[in-house]
Amino acid sequence: MDSNSGNPGQEPPGQDGRLADWTRRPLMQDWPLTVDRILEHAKALHGRQEVVTRSLEGPIVRTSYAEIYRRAKRCSNLLQHLGVRPGDRVATLAWNTGRHLETWYGIMGIGAICHTLNPRTFADQQRYIITHAEDKVILVDLPLLPALLALRAHLPSVTHIVVLGDPGSVPEGPGLHAYESLLAQASEDVAWGGFDENAPAGLCYTSGTTGNPKGVLYSHRSNFLHTFMTLAQDVMGLSARAVVLPIVPMFHANAWGLTFSCPAAGAKMVMPGQRLDGAALQELIETEGVTFAAAVPTVWQGLLDHLRATGAQIGSLRRIMIGGAAAPEALLRAYRDDYGVEVTHAWGMTEVSPVGTVSTATDEIAALDADAQLRFNLKQGRAPLGVELKLKDEAGQALPEDGVQFGRLMVRGPAVARRYFKDEGGEILDEDGYFDTGDMATIDPHGFMQITDRAKDVIKSGGEWISSIEIENIVAGHPKVELCAVVAIPHPKWDERPVLLVKLRADQAATRDDFLDYLQGRIARWWMPDDVVFLSEIPLGPTGKVDKKRLRADLRGFTAPPT
Ligand code: AMP
């Protein structure tokens with residue numbers, strides 16, 4: 001007999017009459033996945049674990065998860081006192097510090113939404129973002145205050161600005177407060193959690209490479225599940241014995257989740273403050289015994305240049321994560337071969353919380369020789385549990401995962417955006433619930449995804465695609481190159497052709513032909529750039545990636561010499 005038959009409300013008969021009753025009641029506990037539990041756990045089990053910060057004032061400051069917890073509780077009270085209620089947006093405009101970390105938990109614990117602002121965003125866009133988010137309170141690092149105050153008259157939603165500093169250092173003004181003096185008056189007694197795990201926890205705007213930036217509203221549940229995912233050995237593999245340096249800023253997609261996964265694992269955190277130069281990072285790594293660090297390629301390149309110039313070491317570092325932009329082969333080889341560091345190349349985006357794929361080897365790949373392994377390591381990698389990928393062609397048809405055909409990369413999972421904040425951009429999922437990443441990629445039979453380009457950066461020459469990333473990765477290995485980019489210029493016959501833009505290292509000279517010769521035999525002949533342009537600066541966007549939109553605008557009207 002069908003156990004689902006019977007009238008509504010009537011007990012469905014089971015085989016023995018009792019089983020059916022059990023199946024209707026949840027047998028496991030309802031334990032909402034809210035992120036306050038992460039810090040509760042860190043306090044309870046890793047309370048003495050250190051959180052070390054290079055403070056903006058300069059000295060190293062040491063605290064612990066137990067202390068961060070206590071101060072976060074007081075921060076919650078402080079915010080409630082300023083009128084913050086569940087669902088309100090509280091923004092932070094701050095570098096990676098222990099203090100910034102405690103404010104996150106203080107905000108999210110009471111059901112308010114932590115909105116991370118990027119200090120590198122230019123003023124007009126910052127004003128747009130704060131106004132669109134309707135931020136009520138902004139917590140700001142003292143060095144970033146002047147830029148914020150310059151916008152103040154144009155921020156109608158903002159009722160209070162709290163400066164993350166001591167009373168003596170903060171200028172007086174209406175609605176302007178010193179964090180430490182408010183915190184000193186606030187009690188630790190406040191209730192956290194107790195709301196639905198789907199409640200919003202964090203808000204982060206995308207870099208806005210086209211149109212206005214759009215907000216991604218993370219839920220407690222999505223952050224919690226993303227934390228479990230990143231802790232896996234093949235993703236970040238953090239543990240209570242790890243010493244983690246989150247170089248990637250907290251305003252860049254939750255420092256790739258490290259703000260949650262470090263306290264979850266009980267790992268020691270080393271927060272670099274605002275100094276992300278090679279010398280400052282090397283010193284922190286050596287003195288604090290850092291074992292794991294995460295950053296974009298330009299930062300890793302800066303550290304590498306410093307190590308080579310000074311002979312300094314990074315002996316404690318065992319594993320690094322490179323993401324946010326493609327990791328060039330020369331960079332990967334240098335860390336792996338010269339410094340004995342395991343490199344995890346990762347792809348992600350703000351809309352994906354952000355980790356989407358990681359290039360850790362499978363047993364089959366680990367059995368290959370070093371060079372063959374490197375070919376996989378250079379790809380952006382495989383999706384962990386909780387991320388599903390597919391490729392689509394321009395007509396929306398699924399493409400085979402043969403490592404050759406490339407199409408639009410689509411992604412879905414419980415930590416992937418369903419829509420943007422305030423429904424900007426309307427429906428963003430396809431009929432199967434996949435989000436269009438705007439990236440072009442291949443997926444090989446081992447499941448390794450490789451980004452060939454951002455869809456808007458692809459170069460279409462004579463109806464065929466040229467991967468700018470692939471050419472850039474080769475040129476980045478040239479010893480005279482500090483930074484490079486390949487962009488499309490219009491062409492009367494081929495529609496578009498690639499042009500190589502190069503910033504040479506200090507005191508280096510090179511010619512167009514040096515680079516064209518260097519590329520000879522390394523790429524297909526028809527991929528060869530039509531010209532090489534030397535620049536004194538290559539502009540970077542707010543998250544440290546080459547700003548190709550600006551480069552293309554600067555090149556408008558440029559024509560390559562006839563070949
Ligand atoms: P954001 O949301 O600012 O982190 O930007 C996400 C975008 O950065 C992705 O859609 C990719 O275009 C790019 N990206 C991130 N990681 C990588 C990577 N490992 N290789 C190439 N592009 C990447």
Quiz item: Which of the residues spanning the range 525-563 are within 18 Å of ASN473 (Cα to Cα) and modelled with pLDDT under 90?
Solution: GLY544, LYS545
Quiz item: Which helices (runs of 4 or more DSSP H) sit wholly inside the range 27-116 and have at least 3 residues that are out of contact with any Pro (no Cβ under 6 Å at 6 or more places or on another chain) and polar (S, T, N, Q)?
Solution: 65-81
Quiz item: Quick one: which of GLY257, GLY273, GLY266 is touching a residue at least 12 places away in the same chain (Cβ under 8 Å) and under 15 Å from the mean Cα position of the chain (by Cα)?
Solution: GLY257
Quiz prompt | Condition check for ALA309: among the hydrophobic types (A, V, I, L, M, F, W, C), open to solvent by 20 Å² or more (accessible area, probe 1.4 Å), over 13 Å from PHE292 (Cα atoms) and more than 16 Å from the ligand (Cβ to nearest atom) | solution = yes
Self-check item: Number of the exception - GLY202 against (1) in a helix (DSSP H, G or I); (2) closer than 20 Å to ARG37 by Cβ; (3) open to solvent by less than 20 Å² (accessible area, probe 1.4 Å)
Solution: (1)
Practice problem: Quickly run through the range 453-490 and pick out the residues that are away from the ligand (no atom under 16 Å from the Cβ), open to solvent by 40 Å² or more (accessible area, probe 1.4 Å) and on the phi < 0 side of the Ramachandran plot. | Solution: LYS460, GLU464, PRO479, LYS480, GLU482, PRO490
Exercise. Determine if the range 372-388 includes at least one residue that is touching a strand residue (DSSP E or B) at 6+ places or on another chain (Cβ under 9 Å) and away from the ligand (no atom under 16 Å from the Cβ).
Key: yes
Self-check item: Pairs where the first residue, in the range 428-444, is at positive phi and the second is within 16 Å of the ligand (Cβ to nearest atom), C-beta under 6 Å, 6+ apart
Solution: GLY433/ARG412; GLY438/ALA455
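Yes/no per residue for (1) within 7 Å of the ligand (Cβ to nearest atom); (2) open to solvent by 40 Å² or more (accessible area, probe 1.4 Å):
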residue	(1), (2)
ALA326	yes, no
ARG333	no, yes
ARG336	no, yes
SER353	no, no
ALA361	no, yes
Quiz item: Looking only at the range 518-555, which residues are in contact with a strand residue (DSSP E or B) (Cβ under 8 Å, 6 or more places away or on another chain), closer than 18 Å to ALA488 by Cβ, within 16 Å of the ligand (Cβ to nearest atom) and open to solvent by 40 Å² or more (accessible area, probe 1.4 Å)?
Solution: VAL546, ASP547, ARG552
Self-check item: Selection count where residues are among the polar types (S, T, N, Q) and outside any helix (DSSP H, G or I), scope the range 256-293
Solution: 2
Exercise. From (1) modelled with pLDDT of 95 or more; (2) open to solvent by 40 Å² or more (accessible area, probe 1.4 Å), pick out the condition that doesn't hold for THR344.
Key: (2)
Quiz item: Would the range 442-459 turn up any residue that is of a type in the set (Ser, Thr, Tyr), at pLDDT below 95, within 23 Å of the chain's Cα centre (by Cα) and under 25 Å from GLN397 (Cβ atoms)?
Solution: yes
Quiz item: When you go through (1) within 31 Å of the chain's Cα centre (by Cα); (2) more than 16 Å from the ligand (Cβ to nearest atom); (3) open to solvent by 80 Å² or more (accessible area, probe 1.4 Å); (4) not small (Gly, Ala, Ser) one by one for LYS493, which number turns out not to apply?
Solution: (1)
Quiz item: On the given criteria, is PHE448 more than 11 Å from the ligand (Cβ to nearest atom) and out of contact with any Cys (no Cβ under 8 Å at 6 or more places or on another chain)?
Solution: yes
Quiz item: Hey, among SER222, SER239, SER207, which residue is assigned to a loop (DSSP other than H, G, I, E, B), modelled with pLDDT of 95 or more and among the small types (Gly, Ala, Ser)?
Solution: SER239
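The values are calculated or read from the model by the stated rules, or taken from the named source; none is laboratory data. Note that the coordinates shown come from a computational prediction; the quantities given were computed from them, not determined experimentally. A quick note on method: Cβ atoms are made from the backbone with ideal geometry, for glycine too, and the neighbour counts reach across all protein chains shown. What goes into the accessible areas is simple: the full protein's heavy atoms, side chains included, and nothing from ligands, DNA or RNA. Shrake-Rupley method; radii C 1.70, N 1.55, O 1.52, S 1.80 Å.
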